[in-house]
Amino acid sequence: ANCLLFLVIFARNIQSFIFFFSSFLTRALFTSQVLNIALFSGKYYYEAKITRSGVSQIGWCTLDSGFDSMCGVGDTVDSWAYDGSRQLKWHTKNVEDQRITCEPFGPLWKTGDIVGCGIDINNGKIEYWLNGNHIGVAFDGFKSSGDEVTPIYFPSWTLDREGDLECNYTAPFSKLPEGYLPVSDSLVPELIKVNLFAVARPDPHMRWATGYC
């Protein structure tokens, strides 16, 4: 009888552990998106509206960045992000051990807020705005177009299962900072300009549902 009771308790504990672990993984999974517009030099800007405030990391990456369900924008040496849901900026600085690093940055954002994200490639600088107000320079001194090997930069972001974004890459914006151009202006002049707009929303299977119009 004691052995049977032990087995029942053990089985229930294992079931509880499996449920807890699967719930943890479900909540921990992230999904990332990289816009297919390459930036080589200059100052560019885009905006992201927080339509549902989960964990979001909004910023930039290069071609060398590799993202997966546990590693998003800002979690690599070749990406940079602001996360207003936790008031942190993310960028992995250590190339050798790839430890993810973050520092306090910016105010707490909420649903309906508009995050402005600007990159100055020539001067190696990334700065942010919230609802038109300048937050500050989050990153500076990274590889710029004046270096021997010129990296290519892309707008990018990461969401958890609770987050939704609406991203706008072309004017009009809530506020276009002086000296910056919309990301869409990097397209070759021969292309017909359209309102480049993306709705980012991970579905329950962690696949992206992204629309352009």
- Message: Order ARG52, ARG161 by their accessible area, 1.4 angstrom probe, all chains in place, largest first.
- Response: ARG52, ARG161
- Task: Before anything else, pin down the relative contact order of segment 42-92: Cα pairs under 8 Å, at least 6 apart, normalised by residue count, whole percent.
- Result: 32 percent
- Task: Return the long-range amide H neighbours of LEU165 (sequence gap of 5 or more, or a different chain), with a cut-off of under 5 Å between placed amide H atoms.
- Result: THR51, ALA200
- Item | Calculated FRET efficiency for the pair GLU166/ASN36, C-beta based, R₀ 25 Å, to 0.05 | 0.90
- What are the ³J(HN,Hα) values, in whole Hz, obtained from phi via the Karplus relation 6.51 cos²θ - 1.76 cosθ + 1.60 with θ = phi - 60°, for each residue of segment 169-175 in sequence order, with x given for Gly and Pro? 10, 9, 5, x, 10, 5, 6
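The values are calculated or read from the model by the stated rules, or taken from the named source; none is laboratory data. Bear in mind that the values here come from a model prediction, so they are computed numbers and not experimental data. Note: ideal-geometry Cβ built from the backbone for every residue, glycine included; neighbour counts use all protein chains shown. To get the accessible areas, we keep the full protein, side chains included, count just its heavy atoms, and leave off ligands, DNA and RNA. Shrake-Rupley method; radii C 1.70, N 1.55, O 1.52, S 1.80 Å.
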